[in-house]
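**Q** Attaching a single structure in structure tokens format; questions to follow.
Rule-based calculations on the coordinates, nothing more; no lab input. Keep in mind that what you see is a predicted model, and the values were worked out from it rather than measured. Glycine gets a Cβ as well: all are built from the backbone with ideal geometry, and neighbour counts include every protein chain shown.
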Amino acid sequence: MVTGAYFPELSGAGLQCRALIGKLRDRVDFTVLTTTADSSLPADDVQDGVPVHRVLVNPSSALSKAAASLRFAAAFLRTARDFSIVHFHGFSQKSILLMGLARLKRKRVAIKMTSVGHDDPGSMTRRGGLAYWSYSRSDLFFAVSPRFQDSYTAAGLKPERFWLIPNGVDCEKFRPGLPGERESLRRELGLAPQGRLVLFVGFFSREKRPDLLFDAWTRVAESVAPDSSLLFVGATASPYYEVDSGLAERIRSLAHTLGLEGRVRFVEKTNEIERFHRAADIFVLPSLREGMPNALLEAMASGAACIASRLPGVTDAIIEDGRNGLLVPPGEPAGLEAALQRCFENRESTRVLGMEARRTVCQRFNLDDAARRYFDAYTELGAVTF
């Protein structure tokens with residue numbers, strides 16, 4: 001498994017990778033090769049009984065990234081005897097060198113496309129000839145949502161290499177709270193036990209738009225739900241380029257100015273995100289771009305009423321507007337305000353949205369089904385020889 005980050009560092013792709021390993025490790029031997037920006041983490045580690053090899057990198061330094069690519073390649077060669085299949089979770093600049101080494105060492109290769117606009121075939125063509133040529137050498141491509149298929153088909157890649165495997169959720173870990181559990185969880189987590197709790201989970205990036213959620217909430221909270229609160233879970237500052245610390249600073253400043261600081265809470269990191277999902281009433285995904293949003297699936301499995309930006313081939317492949325969630329135009333505050341107001345005003349319809357959301361995820365996006373599909377793909381790759 002090749003990832004950009006891995007537990008205990010938190011990223012969507014890394015967490016999905018870990019969940020998949022957990023489901024298949026009794027049938028597949030795994031090794032993880034990953035980068036890290038945390039110098040306190042060991043270079044050679046074991047997580048959940050699986051070897052993890054980390055390469056330290058400073059994402060803001062071109063020199064550090066170049067040096068890390070060489071160390072990444074060295075780690076790959078050092079551990080090459082331990083694996084026969086290389087599964088990339090996303091495809092970045094450092095992956096080009098590893099793809100060449102995988103071919104040199106006669107390994108089978110699969111690429112999981114994780115982010116529209118980043119590692120879909122159309123986006124890869126804009127990275128230059130070498131990057132796209134390397135990318136196109138993959139034996140299989142895993143797409144997490146239908147949105148990737150149009151890009152894949154347009155690129156002229158072989159249709160038999162394409163597998164649509166949506167991200168999966170553990171529906172036992174992510175579940176609605178039992179009677180009284182939501183209130184007790186909120187007390188344990190230091191949250192207000194009563195009132196409507198709106199949850200955002202994700203990096204503070206301009207593409208994920210936490211600021212849009214804050215602005216929409218402030219416009220409707222006082223008039224419709226004066227006892228409501230807003231909880232942001234995710235890194236507000238980080239060396240990774242996606243994170244813009246100015247977003248959190250603006251929200252904190254405005255919350256103070258508006259006298260709402262007691263109702264807006266930030267949690268930088270947690271290894272128990274399921275507890276926050278279980279404590280929330282409403283989940284909002286205001287993103288402008290996604291591949292297959294794990295946080296949305298986890299919130300739905302937890303029985304929250306979910307509001308998401310309508311992203312063609314991504315969120316509209318998960319949510320049927322008005323039945324198991326609400327879809328709003330991306331980047332437009334009016335639509336988000338109206339959706340929040342609807343959820344605040346009608347508790348029964350909000351409860352039904354959450355109930356149908358869980359039903360959808362457990363039927364169509366559960367982790368067991370995803371793991372079976374990946375095992376079938378690994379079996380197919382292992383059965384083919386050079």
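**Q** What do you get for Rg/Rh over the stretch 1-61 if you use C-alpha atoms and the Kirkwood form of Rh?
**A** Rg/Rh: 0.97.
**Q** Compute the projected area of the convex hull of the Cα atoms of the stretch 1-117, averaged over all viewing directions, and report it in nm² to one decimal place.
**A** Details: hull surface 28.6 nm².
One quarter of the hull surface, i.e. the mean projection, equals 7.2 nm².
**Q** Please name whichever of LEU247, LEU212, LEU340 sits farthest to the positive end of the charge dipole of the stretch 181-364, dipole taken about the Cα centre and charges placed at Cβ: Lys and Arg +1, Asp and Glu -1.
**A** Highest projection toward the positive end goes to LEU340.
**Q** Mind running the shape call on the stretch 36-105? Use the C-alpha gyration tensor, a ≥ b ≥ c as the square roots of the eigenvalues: rounded below 1.5 for a/c, prolate if a/b tops b/c, oblate otherwise.
**A** Since a/c reaches 1.5 but b/c is at least a/b, the shape of the stretch 36-105 is classed as oblate.
**Q** Spelling out what I want: for every residue of the stretch 44-58, take phi, set θ = phi - 60°, compute 6.51 cos²θ - 1.76 cosθ + 1.60 (Karplus), and round to whole Hz; glycine and proline get x.
**A** So the Karplus estimates, Gly and Pro as x, are 10, 9, 10, 10, 6, x, 10, x, 10, 10, 10, 10, 6, 8, 9 Hz.
**Q** Sticking with this structure for a sec: Distances over 17 Å make up what percent of all Cα-Cα pairs in the stretch 200-249?
**A** When all Cα pairs of the stretch 200-249 are counted, 36 percent exceed 17 Å.
**Q** Excluding the sites themselves, what is the longest stretch of the chain that contains no GluC sites (Glu not before Pro) in a DSSP loop with at most 15 other C-beta atoms within 10 Å?
**A** 1-171
**Q** Over the stretch 181-364, what is the relative contact order in percent, taking alpha-carbon pairs closer than 8 angstrom and at least six residues apart? Please report the intermediate quantities before stating the final value.
**A** Numbers: 336 pairs, mean separation 42.5, N = 184.
Over the stretch 181-364, the number comes to 23 percent.
**Q** What lysines does LYS158 reach when the alpha-carbon gap must be under 28 Å and sequence neighbours fewer than 8 apart in one chain are set aside?
**A** LYS94, LYS105, LYS107, LYS112
**Q** In the chain, if the dipole is taken from +1 on Lys/Arg beta carbons and -1 on Asp/Glu beta carbons about the Cα centre, which of PHE142, ALA221, ALA67 is farthest to the positive end?
**A** ALA67
**Q** Counting only C-alpha contacts under 8 Å and six or more residues apart, can you give the relative contact order of the chain as a whole percent?
**A** Once normalised by length, the contact order is 15 percent.
**Q** Quick one, what does Rg over Rh come out to for the stretch 69-167 if you take C-alpha atoms and the Kirkwood Rh?
**A** Values: Rg = 13.1 Å, Rh = 13.7 Å.
Ratio of gyration radius to Kirkwood radius: 0.96.
**Q** In sequence order, what are the phi-derived ³J(HN,Hα) couplings for the stretch 209-216 according to the Karplus relation 6.51 cos²θ - 1.76 cosθ + 1.60 with θ = phi - 60°, rounded to whole Hz, with x for glycine and proline?
**A** Along the stretch 209-216, the couplings run 6, x, 5, 5, 4, 4, 4, 5 Hz.
**Q** Let me ask something else. Residue by residue, what Karplus-based ³J(HN,Hα) values in Hz, rounded to whole numbers, does the stretch 343-349 have, using 6.51, -1.76 and 1.60 with θ = phi - 60° and x for Gly and Pro?
**A** Going residue by residue, I get 5, 5, 7, 10, 5, 5, 5 Hz, with x marking Gly and Pro.
**Q** Count the DSSP beta bridges whose two residues both fall in the chain, then state the antiparallel fraction as a percent rounded to the nearest 5. Numbers along the way, then the final one.
**A** Values: 4 of 44 bridges.
Rounded to the nearest five, the antiparallel share is 10 percent.
**Q** Going by Cα centres, the stretch 323-352 and the stretch 55-91 are how many Å apart?
**A** Answer, in whole Å: 43.
**Q** A further question follows. What is the Cα centroid distance between the stretch 255-289 and the stretch 203-229, reported in whole angstrom?
**A** Value for the Cα centre distance between the two parts: 9 Å.
**Q** Averaging over every viewing direction, what projected area does the convex hull of the Cα atoms of the stretch 181-364 cover, in nm²?
**A** The orientation-averaged projected area of the Cα hull of the stretch 181-364 comes to 9.6 nm².
**Q** To the nearest 500 deg cm²/dmol, what mean residue ellipticity at 222 nm is calculated for the chain from DSSP H runs of n ≥ 4 alone, each contributing -39,500 (n - 2.57), summed and divided by the residues?
**A** Mean residue ellipticity at 222 nm (helix-derived): -13000 deg cm²/dmol.
**Q** Report, as a whole number in µm² per second, the diffusion coefficient that Stokes-Einstein gives for the chain at 20 °C and 1.002 mPa s using the Kirkwood radius over alpha carbon pairs. List each step's numbers first, then the result.
**A** Values: Rh = 21.7 Å.
For the chosen part, D equals 99 µm²/s.
**Q** Using the basic label-point model (7 angstrom from Cα toward the beta carbon), what is the LEU178 to ALA334 distance in nanometres?
**A** 4.7 nm
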